[in-house]
1. Give the residues of region A:202-217 that are in a helix (DSSP H, G or I) and surrounded by 16 or more Cβ atoms within 10 Å (Cβ to Cβ), sorted by residue number.
2. Within region A:40-59, can one find any residue that is modelled with pLDDT of 95 or more and out of contact with any strand residue (DSSP E or B) (no Cβ under 9 Å at 6 or more places or on another chain)?
3. Can you name every one of the strands (runs of 3 or more DSSP E) wholly within region A:34-149 that holds 2 or more residues which are surrounded by 24 or more Cβ atoms within 10 Å (Cβ to Cβ)?
4. Determine whether region A:139-157 contains at least one residue that is within 7 Å of chain B (Cβ to nearest Cβ) and closer than 30 Å to B:Asn100 by Cβ.
5. Taking into account only those residues within region B:78-113 that are exposed (fewer than 13 other Cβ atoms within 10 Å of the Cβ) and part of a loop (DSSP other than H, G, I, E, B), which is nearest to the other protein chains (Cβ to nearest Cβ)?
Amino acid sequence: MITIAVLAQKGGVGKTTTAAALGAGLRKYHGARVLYVDMDAQGNLSRTLEADHSGGGADILGVLTGRTKAKDAIQHTDNGDIIASAPALVGADREEALSAVGREYRLREALRPLSTGYDYCIIDTPPALGILIINALTAADRAIIPAQADDYSLDAIEALSGTLQAVKLYTNKSLQVDGILITRYSGRANISRYYEEQLEEAARSLGSRLYSVRIRECVALKEAQALREDIYTYSPRSNAAKDYKSLIDEITEEGT
Amino acid sequence: MSKSFTDKMKSKAAENPAMMFISQPEPEAAPETKRTTRKTTRKAEDSPLQAAPEIRAAATSGRPVPPRKEYKSRRLQLLIQPSLYEEIRDRAEAEGLSVNEEIHNLLRQALGE
């Protein structure tokens, strides 16, 4: 199982949209067995997959705190298998079980028994640094960083850079930053071109790459989310479907 | 005795906010590391676990601002043959681009950029 964490220490850059599209595309075009893990308290990915994320059932918080086994927390939906989010994730940093030594390995240990049942595990993360992001990066083989072509996203990558280096030094030496993904892209904005260069430089500094594909701003993504459908089913000819398909080709063509 | 490179790296790691969520791998070294965190006056750029230097320098010491004249697009009215327009439109559609973007790309290619 290849575990991919989609993260950015910033909101609104398309983490959840990317995680959903990545998983759906891997299922649709590669026939891959995909497990989603929603670690964002907002629960948007869980909602998109129509999973129960009310906090009343088995969820990722139960898995992290050791109350539930990961296999028992998986919900099987028409849109894929998911370990859902929970509203109480907002207080994860204050959870007693997540304050103990070794707390950063909770997710990695929990997912280990599932490694033969899935080809990919896609982890959606919260937008702020905390124990959840550390757990996601410690469990991940690869990290994908969505970013808009703007100044604030560069700031977020700067913040994330420190987190990545700490994780690689202490908890997950084999973590690979797969790439920075430009989302919500508008090629008509001249300012975008400038920030593309800046993001390319940032990717190099992280020992990674800027994906050649740009995920263009596309209303079909919002419509697909509203209808709880994946973008490839809802609008296969949309720019977003084509762009995310290209991303998957770019990611999988390198020996996965 | 001077510290090894690894020790220095681990010591400086305490300045990284991410370290608040990572257990210290060497418990006996933890108290010293924590004191360092509180007392330190080192500049952020001293820490190898802070942002990569290129990014940090750009972000903190004044990332170059793009030239203002490039902030906005110039609008122009272009007169072309209908057949040429249709050719460009078909090509744009095949590539999943707008006609505007297609023309933009073609012009850039023609100028060797």
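1. So the first thing to find is which residues in region A:202-217 are in a helix (DSSP H, G or I), and the list is A:202-205.
Across region A:202-217, the qualifying residues are A:Ala202, A:Ala203, A:Ser205.
2. No, the conditions are met nowhere in region A:40-59.
3. Numbers: elements: A:34-38, A:74-77, A:80-83, A:120-124, A:142-148.
Those strands (runs of 3 or more DSSP E) span A:34-38, A:80-83, A:120-124, A:142-148.
4. Restricting attention to region A:139-157, the residues satisfying the condition of being within 7 Å of chain B (Cβ to nearest Cβ) are A:154-155, A:157.
Narrowing further to those that are closer than 30 Å to B:Asn100 by Cβ: A:154, A:157.
Yes, some residue in region A:139-157 is within 7 Å of chain B (Cβ to nearest Cβ) and closer than 30 Å to B:Asn100 by Cβ.
5. B:Glu113
The values are calculated or read from the model by the stated rules, or taken from the named source; none is laboratory data. What you are looking at is a predicted structure, and each value in this text was computed from that prediction instead of being measured. Here the Cβ is made from the backbone with ideal geometry for all residues, glycine too, and neighbour counts use every protein chain on show.
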